[in-house]
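Structure first, commentary second.
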Amino acid sequence: MFVESLVINKTLTYSLSERRWVWHLDTVKSTPITENVAQLMTRNLQVLPETTIRSLKLLSCFGSQADESILLLLDDHIHMMDDLVMAIDRNVIEKHGHVYRFAHDILEQGLYDMMSRREQSNNHHFIGLELIKAANQSHGSHFRPV
């Protein structure tokens with residue numbers, strides 16, 4: 001993930017003419033020394049498409065992991081599963097069986113913290129309504145949103 005971030009930030013590029021990796025020293029020198037792993041990991045999220053970031057923010061509302069069956073309930077509205085495949089490819093999340101989990105808790109917390117309180121609330125509300133809707137469809141109308 002670290003080397004990948006160097007490539008994404010164009011600190012390290014591959015030169016076809018030289019057939020080797022080339023460091024861009026001006027970029028390296030301008031990088032703050034105080035930068036820590038959390039900042040590096042969350043900064044790499046900014047290169048993901050907005051839809052993928054939206055899906056990852058929703059995933060972060062579940063905590064460090066979520067079961068695929070729950071996420072499929074949300075997929076009808078936002079096509080979340082395709083975005084999660086991209087996040088797996090970028091090593092942001094991992095899939096173990098039917099469970100999606102963040103590759104590191106720093107990523108989960110960073111994504112959650114990217115949201116305003118209002119966005120957090122709206123996402124939790126959306127998730128709750130979708131879960132109630134799914135429960136009502138499979139068990140009858142026992143739950144009513146308030």
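In segment 79-104, the qualifying residues are those that are part of a loop (DSSP other than H, G, I, E, B) and in contact with a helix residue (DSSP H, G or I) (Cβ under 7 Å, 6 or more places away or on another chain), and the one that is surrounded by the most Cβ atoms within 10 Å (Cβ to Cβ) is VAL92. Residues in segment 49-65 that are surrounded by fewer than 20 Cβ atoms within 10 Å (Cβ to Cβ), assigned to a helix (DSSP H, G or I) and in contact (Cβ under 8 Å) with a residue 40 or more places away in the chain: ILE53, LYS57. Taking the numbered list (1) open to solvent by 50 Å² or more (accessible area, probe 1.4 Å); (2) in contact (Cβ under 8 Å) with a residue 24 or more places away in the chain; (3) closer than 28 Å to ASN9 by Cβ in turn, SER69 passes all entries but (3).
Taking (1) β-branched (Val, Ile, Thr); (2) over 11 Å from the mean Cα position of the chain (by Cα); (3) modelled with pLDDT of 80 or more in turn, THR34 satisfies each apart from (3). Within segment 75-94, residues that are among the acidic types (Asp, Glu) sit with their Cβ atoms under 7 Å from residues that are outside any helix (DSSP H, G or I) and surrounded by 14 or more Cβ atoms within 10 Å (Cβ to Cβ), at 6+ positions apart or across chains, in these pairs: GLU94/ARG101; GLU94/ALA103. For segment 104-146, taking the residues that are closer than 21 Å to ASP75 by Cα and among the small types (Gly, Ala, Ser), the one that is modelled with the lowest pLDDT is identified as SER138.
Contact map, segment 110-129: first residue surrounded by fewer than 16 Cβ atoms within 10 Å (Cβ to Cβ), second residue assigned to a loop (DSSP other than H, G, I, E, B), Cβ cut-off under 6 Å, separation 6 or more or different chains; pairs are HIS124/CYS61; LEU129/PRO145.
The values are calculated or read from the model by the stated rules, or taken from the named source; none is laboratory data. This is a predicted model, so every value here is computed, not measured. Here Cβ is always computed from backbone atoms with ideal geometry, including for glycine, and neighbour counts include all displayed protein chains. Note: accessible area is taken over every heavy atom of the protein model, side chains too, but ligands, DNA and RNA are not part of it. Shrake-Rupley method; radii C 1.70, N 1.55, O 1.52, S 1.80 Å.
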